[in-house]
Every structure is written in C-alpha cells, then in structure tokens.
Amino acid sequence: MYEFKIIHDAIHGSFKFEEATLRILETPEMQRLNGIKQLGLGYLVFPGANHSRLEHSLGVGHVAGKMGEALNLDKIEIETLKVAGMLHDLGHSPFSHTLEYLLHEKTGMDHMEITTSIIRGKLDILEGLDIEGRERIHEILNEYGIDIDMVCRMILGEEIKRMDLFNVDKGQQYFGADKNYMVNMISGPLDADQIDYLLRDAHYTGVAHGMIDVYRILNTLKIRNGELMIDRKGVPALEGMLVARALMYSSVYFHKTNRIGELMLSRAVEEIEMDNWLDIYKYNDSELLSVLLTQGGYAKEIALRLKYRRLFKKALVIRVDDVKDNTELITEFHKLNDLKMRRRIEREIAEAAGIDSKYVLIDIPDNIAQLSEPRLTKTNVKIIDGNEVYELSRYSPLARALQLRKVQDWALMLVTKREYVEKVRREAARIILP
C-alpha cells in the first residue's frame, strides 16, 4: 500500500513526504530536532521565536525540491536535494548555535561535521537509548539508492573537482563535477537553507527584514558550467535576500540580549561533568536545562535565571569603530577567540573585582559569527546575462558593500550580574584597555 504524509507548514503551506523522505522524517535523529529551538534563546527577545529545528529542516527540504523542479532536474536529483535539505542540521546541539563554539572546542567538530558523521553511520548520537523500531539514516539512504557521499558533500559545501572522479563508484560518477549545482543549492551563497531560515525566522520573530521574493529567485535560477547561477532579471530579488540576511543577523541573531543569554548558557554547560562531550547531542533543549538544574550550584542558578529571564547586564562594550585603527587592541582581542585565554582574562578581572570568575563573561563575536554562518560574507553568485557569465558585484554595489559589513557593532562585550556592573566595568577597562 502506498504510504505518504502531508505536512502543513506555517511558511510554505502543505507538502508531501513519501518513500525516503517519509522514512527519514520518522527517524529518532530527525524527531530530536522537534525539541530544539531554531533560534536557541531568541525567545528571550522575540517571544514568538519558539519554532523548531525540525520545522526548518523540513522547510529546507521542501525549498530544495522546489529549486530542483524549477530547474527541471530529474527525479533522483530532486529526491537527493530533498533528503540533503532535511538532513542538513541533524547534528545541532540543544539550543542550536548557542553551544557551537564551546562544543567545537570540546569535540573538535562543528555541527556540519557531526551531521555528516551521523548520516554516514559513523556516529550514533543516540547510542544506548532503547528506541523501538529504530531505523538508521544511512541504511534508509542505501535502500533507496541515494548517494550518501554526495549528500554529505552538499551539506559540507564541498564542490566536486574533476580529480575527485577517479576510483569512484557509479553513483558518485553520476554526481560529477558538472553537477556542482547540487552542492550550491544546499550550501552556497544562494541556497535553500538561507531562503527558509530567513522567511521562517522573520515570520516567528515578527521582524520584517527577512522577507524575500523567493518566487522570483526560483523562476530566475539557471545552470551553466555545472554551477547554480541566476539570470540578470533576478538580481534585485537576490540583492533583497543578501540584504535580508545581513539585517537579520544584526537585529535578531546577534541581538545583544540574545547574546547575553547564550554566554550564560554556554558558561553553565561548562560546569557539567561529562566523560564524552558528544553525549550532549542526545539531549534536546528541555533535557539540557534539566541536567543543569540537577547539577546544582552555578549551573542551576543559570538555568533558573534563563527560565525566569534574569539575565546578566552589560558592564563594558567596545565598539568596532573604536578599535578599527588600533592594531595592538585588535591583536589582543583576536587572542581572546581562544576559550582558555578568554577564561584567563575573565579570572583576572574577577579577582581584581573580588568576585567569582564565573560571573564575568566576555563575548568576542567575530569567530562566533563565522562558525555559525560561514556564508555570511559570501555574495559570489554568478549572473547570466545573455550568453555571458559575470560576478554579482558587476551589477550590485550592494553585494560589494555587504562583504565588508559587520553584522554586530561591538568588538568586545563583557557582562556580569547587575550588582557587580560598576566594579567589573572599572577593573575590565583597566585590564583590557591599558
């Protein structure tokens, strides 16, 4: 009997899941994402931002499939696009990007590497859990003849070079260098992931910046020389998407209050005693908060502060414009990207202020932005104009400007408990700004 399900989505309407996509939808790894908020702690600023990673993942699969249909791709390509879109965020930890920097330090892997390890069957994040009737994702993909290596390349943004095509199986030869548009549609400057998260996050936060003309983009997509490109007629819609991305990062993803909550949660998670930090991927948001509550001490305090929105306050903010010509200070701030160095400076400030170092938290946002969204400054979409192909920058001064634009206006932010603000500000200014 033919089995399918219809999903009713707040952004894209109703769409169908069948065969491989239906089986993947019902895997525990996918369903875990239903308990992980798409915007992490964004609900502390935007009360409507309670949508999940699962919603986004299903939306990306749908948009990727629509992109394939708009380009008249064949069935196996469209199915591969849908699957890759669905699976692209499988390796997110609780609260999405909030813990990404910490877990990268602890495990040496980002969420995309975790994702592809799960897809390949090399990492079982749910190992040890008794889950009835469980199917593994790599087994489902193999059963439907979907090229696992290609799905992983698409998620990682690894374009295929001609030299990669030696000594490969038939499936990989099918997805050769002349089909890099498959990679572009999942992880590129113009991909299904960005289209969905901009539309979805704008809808749930109520921030209008993320609205884009997705239908104009779909109708002007082109393929040339094995790459995804866009017709010149679609340039205004593409510019709109790139501007929306920049503004959403400034106003939503890197909102200062949101960042303060993320700093607090990340510091509390460091207090958890874990033999294997990969075990954290077993949890969803509520389970992680429960773990923090059972830890007691600082971890419990932070969990309660987040639950009841009793956040730390800004003690010191150093703007990008204040340091852009100070090479020495830029070098010192760059050193603070290292977690151990950052904790050392926090301890030094705390000792000078006579407080516990866990109540002094420093934010250096540049590396966080690049780790969570490596495409942020990429605007290198190719434009087809008649028989010629050009860079977007030829037609769009906006694209050139966005490559230089910072998504946040601070180079360093230091936060602490409300009652410590004045003394921490004084000592931090003395130590950080000699």
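Only the coordinates and a few stated rules stand behind these numbers; no lab work does. For clarity, every value in this text was computed on a predicted model and none was experimentally measured. Virtual Cβ from ideal backbone geometry, glycine too; neighbours counted across all protein chains shown.
Using mean Cβ contacts within 10 Å as the protection proxy, how do 134-141, 68-75, 237-244 order, highest first? Don't skip to the end; give the middle numbers.
Details: 134-141: 17.0, 68-75: 14.1, 237-244: 21.0.
The packing order, highest mean first, is 237-244, 134-141, 68-75.
Between the residues Val60, Val183, Ala303, the greatest Cα displacement towards the positive end of the dipole of the chain, with unit charges on the Cβ of Lys, Arg, Asp and Glu, is found for Ala303.
If you place +1 on the Cβ of every Lys and Arg and -1 on the Cβ of every Asp and Glu, how big does the dipole about the Cα centre of region 4-219 come out, in debye to the nearest 20? Mind dumping the intermediate values first?
Numbers: 21 positive and 34 negative charges, 65 e Å.
So the magnitude is around 320 debye.
Residues in region 326-341 carry Karplus couplings, in order, of 9, 4, 4, 5, 4, 4, 5, 5, 4, 4, 6, 5, 6, 4, 5, 5 Hz; the curve used is 6.51 cos²θ - 1.76 cosθ + 1.60 with θ = phi - 60°, and Gly or Pro positions show x.
Would you mind ranking His334, His88 so that the residue whose beta carbon has the fewest other beta carbons within 10 Å leads the list? Present the calculation step by step, with values, prior to reporting the outcome.
On the way: His334 14, His88 28.
Starting with the residue having the fewest Cβ neighbours, the order is His334, His88.
Normalising the average separation of contacting C-alpha pairs (under 8 angstrom, six or more residues apart) by the number of residues puts the relative contact order of region 4-219 at 21 percent. Quick one: net charge around Asn326, please, counting Lys, Arg +1 and Asp, Glu -1 for every other residue with C-beta under 12 Å from its C-beta. Its environment carries a net charge of -3. Computed 3J(HN,Hα) for region 233-241, one whole-Hz value per residue from the Karplus formula 6.51 cos²θ - 1.76 cosθ + 1.60 where θ = phi - 60°, is 5, x, 4, x, 5, 5, 4, x, 5, glycine and proline marked x.
What do you get for the angle between helix 75-87 and the principal long axis of the chain? Use alpha-carbon atoms, 0 to 90 degrees, nearest ten. Approximately 10 degrees, to the nearest ten.
Dipole orientation for region 1-49: of the candidates Phe17, Asn34, Ile6, Asn34 has the Cα lying most toward the positive pole (charges on Cβ; Lys, Arg +1; Asp, Glu -1).
Which pairs in the list Lys37/Lys282; Lys256/Lys406; Lys106/Lys406; Lys222/Lys406 are over 22 Å apart, alpha-carbon to alpha-carbon?
Details: Lys37/Lys282 15 Å; Lys256/Lys406 14 Å; Lys106/Lys406 27 Å; Lys222/Lys406 30 Å.
Violating the 22 Å limit, Cα to Cα: Lys106/Lys406; Lys222/Lys406.
Scanning residues 5 or more positions from Asp9 or on other chains, those with amide H under 5 Å from its amide H are Ser14, Phe15, with H placed 1.01 Å from N in the peptide plane. How far, in degrees from 0 to 90, does helix 192-205 lean away from the longest principal axis of the Cα atoms of the chain, to the nearest 10? Helix 192-205 sits at roughly 50 degrees to that axis.
Among beta bridges from DSSP that stay inside the chain, the antiparallel ones total about 90%.
Under a point-charge model restricted to the Cβ atoms of Lys and Arg (+1) and Asp and Glu (-1), what is the dipole moment magnitude of the chain relative to its Cα centre, in debye to the nearest 20? Before the final figure, lay out the partial values.
Details: 59 positive and 67 negative charges, 338 e Å.
The calculation lands at about 1620 debye.
Quick check: the distance between the Cα centres of region 271-330 and region 205-249, to the nearest angstrom? If you average the Cα positions of each part, the centres end up 34 Å apart. Between amide H atoms placed 1.01 Å from N, distances below 5 Å from Leu412 occur with Ile318, all of them 5 or more places distant or on a separate chain. Phi-derived couplings, Karplus 6.51 cos²θ - 1.76 cosθ + 1.60 at θ = phi - 60°, listed residue by residue for region 268-275: 5, 5, 4, 7, 5, 8, 10, 6 Hz, with x used for Gly and Pro.
Since only Cys152, Tyr197, Ala208 are under comparison, the one whose Cα sits farthest along the positive direction of the charge dipole of region 4-219, derived from C-beta charges on Lys, Arg, Asp and Glu, is Ala208.
Helix-only mean residue ellipticity at 222 nm, the chain, DSSP H runs n ≥ 4 weighted -39,500 (n - 2.57), per residue, nearest 500. What is it? Walk me through the intermediate numbers first.
Details: 22 runs with 212 residues, N = 434.
So the calculated ellipticity at 222 nm is -14000 deg cm²/dmol.
To the nearest ten degrees, helix 297-307 and the longest principal axis of the Cα atoms of the chain are 60 degrees apart.
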